[in-house]
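Trainee: This is the structure, below, for whatever I ask next.
The values are calculated or read from the model by the stated rules, or taken from the named source; none is laboratory data. Here the structure is a predicted model, which is why all the values come from computation and not from measurement. Heads up, the Cβs are rebuilt from the backbone with ideal geometry, glycines too, and the neighbour counts pull from every protein chain shown. These area figures cover heavy atoms from the full protein model, side chains too; ligands, DNA and RNA do not enter into them. Shrake-Rupley method; radii C 1.70, N 1.55, O 1.52, S 1.80 Å.
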Amino acid sequence: MKIQTIVHTFLFALFPVLSLYSHNVGEVSFSEALQPALALLTLTAIILILFRLIFGNMRKAAILATVFLILSLSYMHVYQSTDWAVAGFKIGRHRNLIPAWILLYGCCAFSIWRTQRNLISVTKILNAFALFLVIIPLVIIGSHKFKTKNAKWNPSAMMEIETEEDSLLQSDTLRDIYYIILDRYPNADTLRRVWNFDNTEFLDYASQSRSNYLKTAHSLASSLNFQFINFLGDQLGEESNNWLPLFQMLQDYKAQHLLRRKGYKYLHFGSWWVPTSKNKNADINFGYYRFSEFSSKLFKNTIFYPLAVGFGMEDQNETAYNWVLFKFNELGKIPKIKEPTFTFAHMIIPHPPYLFDRHGNFLSETQIRNKNRRENYIDQLIYTNIMTKKIIDKLLSDSKTQPIIILQSDEGTFPERYVHEGKNFNWKNATVNELREKMGILNAYYFPNTAKNILYPSITPVNSFRLVFNLYFDTNFELLPDKSFAFTDHNHLYSFFNVTDKIAADRAYYPYVK
């Protein structure tokens, strides 16, 4: 058997992995892509052997396997583009499309099985087409690696901050510290102006502020290391679209290093987003997911995902739903831990996917599609409020020594224009209202035994942990100017420009303090 007989089958198996990786090469490590690639190649080899045993001809087996892979791995792309009806018959339903897909494959299999042709020319065409397909993402990946190979990332720069280690060791009372992130939770002004929602009731628990940066990775890298990260533009270049240095800053960050040195137990409540899914430095990682975000995305593009859901085997949205409930439940148990604890909890709500209705019930795919974006978002936000108030009350009532709690958002919601333009959106062309929507955030503090005026209306996340260490560990960190920075677009992640004057709130809101 010549290798060209089966090469197209393995190339078609690799293409979805390479394509997805090429579109996210600055955000995904090679190891994340390697695992699903090996899994697909193994599955392909098994299918080839099986078809060879059935049809007794390797060339036919390879073509059949290729057709199977193309139809199976591309199914959801077709499904998502068929949300329309013909004479009242809705095409874009799994119960209609899956049988059609199976019938199509059956016809292809029957035709290949019955043919008397040697299929050499078909094999050559498939090989050439498959090679062309994989070359495209490989060029993109190679180009990115070449551009970033000379970028000098110095992780020690994020640690170049006065540590006040001697003062840090003088504190007698070690209160539990909770840093709870509600992802993409906007401030009251955005909810009222953009989403037509009055969040007054929840403002008894929290208030509004603005972020220091546009996106989760930038914002958390800044707040957890309590410094601005504009130096990355000098190190990596303003042309860089490499997210990985930011992700490293979410693993080795200053706050947890100082607190663990003091004797705190570090508890990490991760998310389905890989950079915060777990932390190598944590004493305990509260994990729930079986697959990485990259592998999950690949799986959800295949025909196997709706089949698994239909047979009750796998629903990634339901997994995410249960994971949110699990995290809130486990958070409530932390006051029982004897040692002082530092808890980082990244709650990707009210951020999509939409999982909850306003009463906390799980939303099926059909229910989500039957409501518009605003309805789904507001319903999930309402239940986020309910869960958040319950957990804050529980942490306060069950703790023997009143804890320190920071309840914060990393970013606001995306403007409507960004929803349509996506990563091509240029933030330098954003309107004031669009910038305010993206950078207006929830920001609240529970600082026991401190004066109420210790906080100030314009405080931003970069100063959160500076205040914590100053107030409770006798340090003397200088508070930084509360500036906000945007970057140009996803191809220029570190081309920062100051937008503070544009988005500064017209009205001052004091964070919730006791």
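Trainee: How large is the accessible surface per residue of the chain, computed with a 1.4 Å probe and reported in Å² as a whole number?
Mentor: Solvent-accessible surface per residue comes out at 46 Å².
Trainee: What full-extension length gain, to one decimal in nm, is calculated for Glu478 and Phe326 as 0.36 nm per residue of separation minus the Cα-Cα distance?
Mentor: That works out to 50.9 nm of additional length.
Trainee: Give me the dipole magnitude in Debye, nearest 20, for the stretch 273-426 about the Cα centre, with unit charges on the beta carbon: positive for Lys and Arg, negative for Asp and Glu.
Mentor: 220
Trainee: Follow-up. How do 266-277, 463-474 rank on mean C-beta neighbours within 10 Å, highest first?
Mentor: Top to bottom by mean Cβ count within 10 Å: 266-277, 463-474.
Trainee: Full-extension gain between His257 and Asp234, please, as 0.36 nm times their residue separation minus the C-alpha to C-alpha distance.
Mentor: Computed gain between His257 and Asp234 is 5.8 nm.
Trainee: Shifting gears a bit: For the stretch 422-478, report the translational diffusion coefficient in µm²/s to the nearest whole number, using Stokes-Einstein at 20 °C, 1.002 mPa s, and a Kirkwood Rh over Cα pairs.
Mentor: Translational D for this selection: 152 µm²/s.
Trainee: Taking 0.36 nm per residue of sequence separation and subtracting the Cα-Cα distance, how much length would be gained by fully extending the chain between Leu104 and Asn24, in nm to one decimal?
Mentor: Going from the current span to full extension adds 25.6 nm.
Trainee: To test your reading of the geometry: what angle, between 0 and 90 degrees and rounded to tens, separates the Cα axis of helix 120-148 from the longest principal axis of the chain?
Mentor: Long axis of 120-148 versus the principal axis of the chain: about 20 degrees.
Trainee: Still on this structure: To the nearest 0.05, what FRET efficiency results for Ile386 and Phe129 with a Förster distance of 51 Å applied to their C-beta separation?
Mentor: For R0 = 51 Å, the calculated efficiency reads 0.45.
Trainee: Ok, one more. Just need the relative contact order of the chain here, percent rounded to a whole number, with Cα pairs under 8 Å and 6+ apart.
Mentor: 22
Trainee: Let me ask something additional. Give me the angle, in degrees from 0 to 90, between the Cα long axis of helix 30-55 and the longest principal axis of the Cα atoms of the chain, rounded to the nearest 10.
Mentor: Long axis of 30-55 versus the principal axis of the chain: about 20 degrees.
Trainee: Which trypsin sites (Lys or Arg not before Pro) in the stretch 281-354 sit in a loop by DSSP (not H, G, I, E or B) and have at most 15 other Cβ atoms within 10 Å of their own Cβ?
Mentor: Those that pass, being in a loop and sparsely packed, are Arg290, Lys333, Lys338.
Trainee: As a check on your grasp of the helix formula, calculate [θ] at 222 nm for the chain: sum -39500 (n - 2.57) over DSSP H runs of n ≥ 4, divide by the residue count, round to the nearest 500.
Mentor: So the helix-based figure for the chain works out to -15000 deg cm²/dmol.
Trainee: Students sometimes get this wrong: rank Ile392, Ile284 by accessible area, probe 1.4 Å, all chains present, largest first.
Mentor: Ile284, Ile392
Trainee: State the answer as a single residue: which of Ala128, Gly56, Ala109 lies farthest towards the positive end of the charge dipole of the chain, with beta carbon charges of +1 for Lys and Arg and -1 for Asp and Glu, about the Cα centre.
Mentor: After comparing all options, I get Gly56.
Trainee: Still on this structure, please answer the following. Helix 94-114 sits at what angle to the longest principal axis of the chain, using alpha carbons and giving 0 to 90 degrees rounded to 10?
Mentor: The angle comes out at about 30 degrees.
Trainee: Can I ask one more? At a 1.4 Å probe, what is the % contribution of carbon and sulfur to the accessible area of the chain?
Mentor: Solvent-exposed carbon and sulfur of the chain make up 57 percent of the total.
Trainee: Once you place label points 7 Å from the Cα toward the Cβ at Thr500 and His359, how far apart are they in nm?
Mentor: 4.8
Trainee: From the residues Ile349, Phe485, Thr319, which one has its Cα farthest along the dipole of the chain in the positive direction, the dipole being from +1 and -1 charges on Cβ of Lys/Arg and Asp/Glu about the Cα centre?
Mentor: Thr319
Trainee: Sorted by accessible area with a 1.4 angstrom probe, largest first, how do Val324, Val78 fall?
Mentor: Sorted by accessible area, descending: Val78, Val324.
Trainee: Calculate the dipole size of the chain relative to its Cα centre from +1 charges on Lys and Arg beta carbons and -1 charges on Asp and Glu beta carbons; express the result in debye to the nearest 20.
Mentor: 1900
Trainee: Report, ordered by chain and residue number, the lysines lying within cross-link reach of Lys60, taken as a straight Cα distance under 30 Å and ignoring same-chain residues fewer than 8 apart.
Mentor: Answer for Lys60, where 30 Å is the Cα cut-off: Lys2, Lys124, Lys300, listed by chain and number.
Trainee: Based on the alpha-carbon gyration tensor of the chain and its eigenvalue square roots a ≥ b ≥ c, which shape applies: rounded if a/c is under 1.5, prolate if not and a/b is larger than b/c, or oblate?
Mentor: Because a/c hits 1.5 or more and a/b exceeds b/c, the chain counts as prolate.
Trainee: Counting only Cα atoms, I'd like the Rg/Rh figure for the stretch 276-408, Kirkwood definition for Rh.
Mentor: Rg/Rh: 1.01.
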